[in-house]
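Where a number appears in this text, it was derived from the coordinates with a stated rule and is not lab data. On a predicted model such as this, the values are computed, not experimentally measured, just so you know. Backbone-built Cβ (ideal geometry, glycine too); neighbour counts: all protein chains shown.
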Amino acid sequence: RFDFGDFEAMLIGNINNVLDTEYISIARGGINDGVFYGFGRTFNVGAKINF
């Protein structure tokens, strides 16, 4: 939390798959179907401002 001018703000962050592990997110059985691998390491950052 920190002050942003006259407002109170909060910085928010999230990291998915921190170890960058390979994994199968969807697997479908069938001759023409396959597997879908999950994303590698991803992140997002946001801010919340109260006024």
### Summary
With 0.36 nm assigned to each residue of separation and the Cα-Cα distance removed, Ile26 to Ala9 gains 2.3 nm
### Message
Could you tell me which residue out of Thr21, Met10, Thr42 lies farthest along the dipole of the chain toward its positive end? Charges go on the beta carbon: Lys and Arg +1, Asp and Glu -1, centred on the Cα centre.
### Response
Thr21
### Task
Would you work out the charge dipole size for the chain about its Cα centre, treating the Cβ of every Lys and Arg as +1 and the Cβ of every Asp and Glu as -1, and quote it to the nearest 20 debye?
140
### Query
Once you treat every alpha carbon in the chain as an equal point and sum by Debye, what is log10 I(q)/I(0) at q = 0.19, 0.28, 0.30, 0.31 Å⁻¹?
-0.72, -0.98, -1.04, -1.07
